[in-house]
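Down below is the structure, laid out as structure tokens.
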Amino acid sequence: MIVDSFDYIACYKGLHPNLDTAIEWLNSHTLDALENGKTIIDGDKVFVNVMDADLRDAEGAAFEYHRRYADLQIDLTGGEYLGWASEGKDEGVFDETADCGFKSAPDHCGMTLGDGRFAIFFPGELHKPSCKSEGCDHVRK
């Protein structure tokens, strides 16, 4: 997991070629102008999903994880609470098509995104995005 200011995202180039592609694309586009939906950047290797999301209560919410993709979270408006855990108990069957599974666990670390920050969760890392933060129950991300 990496959490930092978006001003420093270019510092993470070199970790993985797909992350480099994403960083270059993000830095050459006006993020606020992106339309909701999936934007393909490099086939099925790099893409952006922009959405308006109503936030949920963090307590009792499951953590998600991915096997093939890293998950870069950037709030364009608003600020969501994100949880992180190092391990958890499987909740249902992993969806290979969606590259998404869920686990239950206590938060080992939590943070509020927004205000120009980003978070990257690598394959296998449990993360709980889209949770309400103080004064915010909706984000565009």
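The values are calculated or read from the model by the stated rules, or taken from the named source; none is laboratory data. This one's a predicted model, so the numbers in the text were calculated from it and none came from an experiment. Heads up, the Cβs are rebuilt from the backbone with ideal geometry, glycines too, and the neighbour counts pull from every protein chain shown. The area values use the complete protein model at the heavy-atom level, side chains included, leaving out ligands, DNA and RNA. Shrake-Rupley method; radii C 1.70, N 1.55, O 1.52, S 1.80 Å.
Restricting segment 32-57 to residues that are hydrophobic (A, V, I, L, M, F, W, C) and in a strand (DSSP E or B), the residue that is nearest to GLY135 (Cα to Cα) is ALA53. Taking every residue in segment 81-109 that is within 25 Å of CYS136 (Cβ to Cβ) and pairing it with any residue that is open to solvent by 50 Å² or more (accessible area, probe 1.4 Å) and among the polar types (S, T, N, Q), at least 6 positions away or on another chain, the pairs with Cβ-Cβ distances below 7 Å are TYR81/THR112; HIS108/SER86. The residue that is most open to solvent (accessible area, probe 1.4 Å), counting only those in segment 58-99 that are under 28 Å from ASP7 (Cβ atoms), in contact with a Gly (Cβ under 8 Å, 6 or more places away or on another chain) and part of a loop (DSSP other than H, G, I, E, B), is GLY78.
Please specify each residue of segment 116-141 satisfying the condition of being in contact (Cβ under 8 Å) with a residue 40 or more places away in the chain and charged (D, E, K, R). Break it down into steps so the answer makes sense when it comes.
First pass over segment 116-141, keeping only residues in contact (Cβ under 8 Å) with a residue 40 or more places away in the chain: 116-133, 136-141.
If the condition is that a residue be in contact (Cβ under 8 Å) with a residue 40 or more places away in the chain and charged (D, E, K, R), then ARG117, GLU125, LYS128, LYS132, ASP137, ARG140, LYS141 are the ones that fit.
Do the conditions hold for ILE9, that is, is it under 23 Å from GLY83 (Cβ atoms) and modelled with pLDDT of 95 or more? Yes.
Only one residue in GLY88, GLY60, GLY83 is at pLDDT below 95 and either of a type in the set (S, T, N, Q) or within 20 Å of ALA105 (Cβ to Cβ) (or both), so which one is that? Steps first, please.
Working: GLY88 fails: at pLDDT below 95; GLY83 fails: at pLDDT below 95.
It is GLY60.
In segment 1-22, what residues are free of Cβ contacts under 8 Å to residues at least 24 places away in the same chain, part of a helix (DSSP H, G or I) and either aromatic (Phe, Trp, Tyr) or out of contact with any Lys or Arg (no Cβ under 9 Å at 6 or more places or on another chain) (or both)? Within segment 1-22, TYR8, ALA10, CYS11 qualify. Among residues of segment 114-136 being modelled with pLDDT under 95 and part of a loop (DSSP other than H, G, I, E, B), the one that is surrounded by the most Cβ atoms within 10 Å (Cβ to Cβ) is GLY114.
Where residues in segment 21-54 are β-branched (Val, Ile, Thr), surrounded by 12 or more Cβ atoms within 10 Å (Cβ to Cβ) and over 15 Å from the mean Cα position of the chain (by Cα), which of them is nearest to TYR8 (Cα to Cα)? Explain how you work it out, then say what you get.
Going residue by residue through segment 21-54, those that are β-branched (Val, Ile, Thr) are 21, 23, 30, 39-41, 46, 48, 50.
Narrowing further to those that are surrounded by 12 or more Cβ atoms within 10 Å (Cβ to Cβ): 21, 23, 39, 41, 46, 48, 50.
Still in the running and over 15 Å from the mean Cα position of the chain (by Cα): 21, 39, 41.
On the way: THR21: 16, THR39: 23, ILE41: 21 Å.
Among residues in segment 21-54 that are β-branched (Val, Ile, Thr), surrounded by 12 or more Cβ atoms within 10 Å (Cβ to Cβ) and over 15 Å from the mean Cα position of the chain (by Cα), the one nearest to TYR8 (Cα to Cα) is THR21.
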